[in-house]
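The values are calculated or read from the model by the stated rules, or taken from the named source; none is laboratory data. A quick note: this is a predicted structure, and the numbers were derived from the prediction, not measured. With ideal geometry, Cβ positions are generated from the backbone for all residues, glycine too; neighbour counts draw on all protein chains shown. Each accessible area value is taken on the protein alone, full model and side chains, heavy atoms only, with ligands, DNA and RNA left out. Shrake-Rupley method; radii C 1.70, N 1.55, O 1.52, S 1.80 Å.
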Amino acid sequence: MNGSRRQIMDYAKTHGSVKAAGLTAALGVKPTTARQYLCTLAREGFLVRVGQGEYALPRKQAFQFTPSEKAKIIYNGLKAELPFTDFCVYDGRILSSIQHHLSINNAIYIETNRDAVESVFIRMREKQKDVYRQPDAAFVNDYIDLREPCIIVKPLITESPLADVEGIRVPTLEKLLVDTQKDADFDYLRGTESLYIFQMAFELYTINTQRLLRYAKRRGIGQEINDLINQAI
């Protein structure tokens, strides 16, 4: 394995990523052996998985975001009241590291099961006034000042790619990239900013492109996301 490790690393560096099929031809090994090599190198930290059976050198950092205390309080409170309901709660500043024209966003987003949106909206309105239910782009532009603290409640798409951070469910970077191109409340991030966001995301972070495209297709914008990926990289 030691001699093969260097060959695999060089292959990944030259080709950008590596799959078992490529190693089978390059090293003259069986597909099962190639897969074992890749899994071992990923487990040891020499490679990172970026797709189904696809690995790359860990040149980029993993996307990390620390939820605010308020987001954690909201999430834990909702789970206590509605324990069988799904939630994804995050702060608007989650996108700040990949924006070009930094837009201050102090909103907290609550995504939940479609049939629970109204109930969650009512619960949150009882606690503070600046709470909005699935606002469209025009409403956000005319009536919501994202520089001020507010809450936006909207449906959580089934099978959304999520992560657990400090005890709460938050979106992965793949989910965020798709949502910025689909959700009406993220309309202000469209246009030329869209390409910049994708370029920065791919430059800075490890992205699972298969997960990204699968979620994009689920949201009906698979081709649009694929085009942005091709332009970004």
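Brief remarks on what is shown
- Taking every protein chain into account, the accessible area of the chain amounts to 52 square angstrom per residue (probe 1.4 Å).
- In the chain, a dipole from Cβ-located charges (positive for Lys and Arg, negative for Asp and Glu) runs towards its positive end, and of Ala71, Val170, Ser17 it is Ser17 whose Cα lies farthest in that direction.
- Residue (of Thr32, Gln134, Leu228) at the positive-pole extreme of the chain, dipole from beta-carbon charges: Thr32
- Alpha-carbon centroids, the stretch 1-78 and the stretch 165-209: separation in whole Å: 21
- Using alpha-carbon coordinates, inclination of helix 222-232 to the longest axis of the chain, degrees: 60
- Residue order by solvent-accessible surface for Arg43, Arg147 is Arg43, Arg147, largest first, with ligands and nucleic acids left out and a 1.4 Å probe.
- For the chain, the number of Lys pairs separated by eight or more positions or lying on different chains, with C-alpha atoms closer than 15 Å, is 8.
- Three-way shape label, the stretch 104-205, alpha-carbon gyration tensor, a/c 1.5: oblate
- Against the main long axis of the alpha-carbon atoms of the chain, helix 31-43 sits at an angle near 50°.
- Residue-wise HN-Hα coupling along the stretch 161-167, computed from phi with Karplus coefficients 6.51, -1.76, 1.60 (Hz; x: Gly, Pro): x, 10, 9, 9, 10, 6, x
- Computed over neighbours whose Cβ is under 12 Å from that of Glu54, the net charge equals +4, Lys and Arg +1, Asp and Glu -1.
- Phi-derived couplings, Karplus 6.51 cos²θ - 1.76 cosθ + 1.60 at θ = phi - 60°, listed residue by residue for the stretch 8-22: 5, 5, 5, 4, 4, 5, 6, 9, x, 7, 9, 10, 4, 4, x Hz, with x used for Gly and Pro.
- Amide H to amide H, with H built 1.01 Å from N, Phe63 comes under 5 Å of Thr206, counting only residues 5 or more places away or on other chains.
- Cα long-axis angle, helix 69-81 against the chain (0 to 90 degrees, to the nearest 10): 80
- Ordering of 222-228, 151-157 by packing is 151-157, 222-228, highest average first (other Cβ atoms within 10 Å, averaged per residue).
- With all protein chains in place and a 1.4 Å probe, the accessible surface of the chain carries 48 percent carbon and sulfur.
- Global geometry of the stretch 37-145, whether rounded, prolate or oblate, following the gyration tensor of its Cα atoms and the 1.5 cut on a/c: prolate
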